[in-house]
Amino acid sequence: MKSYKKCLPLLLVAVIMLNVVGCSKVLPSVTRAQAADLMSGISPNRVSGKEADAEFVGSMAEFSIELFKRGITDKENSLISPLSVTLALAMTANGADNNTLSQMERLLGGDIPLSDLNEYLYSYADGLTNEEKSRLEIANSIWFRDGEDSSGYLFIEDGFLQKNADYYGASAFKSAFDSQAITDINNWVKTNTGGMIDRIIDEITDELMLVLLNAIMFDAEWQSVYFKENVRNGEFTDIGGVVRNVDFMHSTENRYLDDGMATGFIKPYSGGAYSFAALLPNEGVSIEDYIDSLTGEGFLETISGAHRAIVNASMPKYEYEYEIELNDALIALGIPDAFGMYIADFSKMGMWGENSLYISQVLHKTFISVDELGTKAGAVTMVAIAPGSAANPEEPKVVRLDRPFVYAIIDNATNLPIFIGTLMTV
């Protein structure tokens, strides 16, 4: 049997940049960032963590869907990783205090305090399966400006570095924030996304003090791959009404979705830890209205409510990248103080001389490729699902993704979307 390459690489980088502002605050004891290795003397402590429960999953789902709704671009293909944004913001929140901290806690955890959220996220990220045929890798780093001007040095709180080392395995680097820093940061991104995203930053301004990076790489094979005979040309009507001839992949799935406004299916990846879920709005329901109707609770109910049925499914092959600045979305979602030049309080993180810090920009970049590629092992697994499908006596359902739809890459243990996006055109 012919060997296939891996079929679905998804890669993402979320970046948070913090600038200085001329607003003096009194800080506790700090460490002057002069050593080449800012983690020198700081090793991760052993933490117990908290297993995901209904409160954590519910709050994560709510944030995920609200971020998705505010983070997409109208009439364009979009893709958001709520997990990446959550991890980047949680690391940042470990340097926040007072009202800035309270706002970030409410956004990320609802009623869950940051101390507990750190525990939950540690266990959740640590528990995400990383197998040979379903890889999900997470990396975090913090980059600090090195140097001195009339304001002095950048001072870094030991507690900030320690918490992010403990719960997020974050590395910390000192840099002059010159052209070499741009190269170093982009090389870190390239390394931690398997070379598929090679650039996240093009310039560093004089005011930029810190860069917090999260990278997620997802690369998984279908449990049942598509072969040449499963791929046929068909028509996709895009968001503008233009009919496009594209390759459609056809398969028989066995988990059917119906939330009253859309129908869809779930297609598993090899190993059983992750799945692809697609939701096609019903005729007469616009993609915009459908997205507006989504809630975190409703999304979880739809995925968990999938029922066994033969589903004759077809979807187009597609590939695209997406980049967005999330400042406005996050301010609207409830953390305006973090972006406030004169009101942000990141005193638990550090300061430049007597100047405090605020978030100046949150960047989010994604890439996705969905096609028929898999491996011989994936083809073997495909045979295993045939008995379950054939034994179902119901009339087959038909889901043809031939117009704009919503899709997600979900963690099967919690049904949370690791990635969620829209396909508006191909």
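All of the numbers you see were taken from the coordinates with simple rules; none came from a lab. Computed from a prediction, not measured in an experiment: that's the story for all the values here. Here the Cβ positions follow ideal geometry from the backbone for every residue, glycine too, while neighbour counts run over all protein chains shown.
Here are the numbers:
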| quantity | calculated |
| --- | --- |
| Length released on extending from His307 to Gln180, taking residue separation times 0.36 nm less the Cα-Cα span | 40.3 nm |
| By average C-beta atoms within 10 angstrom, highest first, the peptides 406-414, 46-54 | 406-414, 46-54 |
| For Val426, Val189, order by how many other beta-carbon atoms lie within 10 Å, fewest first | Val426, Val189 |
| Pairs from Lys267/Lys317; Lys50/Lys163; Lys133/Lys267 whose Cα-Cα separation, in the structure shown, is over 21 Å | none |
| Which of Ser275, Ser314 has the fewest Cβ neighbours within 10 Å, and the rest in rising order | Ser314, Ser275 |
| Order by protection proxy (mean Cβ within 10 Å, highest first), peptides 199-211, 356-368 | 356-368, 199-211 |
| Net charge, Gly127 excluded, C-beta distance under 10 Å - Lys, Arg +1, Asp, Glu -1 | -3 |
| Protection proxy ranking of 176-182, 338-344 - average other beta-carbon atoms within 10 Å, highest first | 338-344, 176-182 |
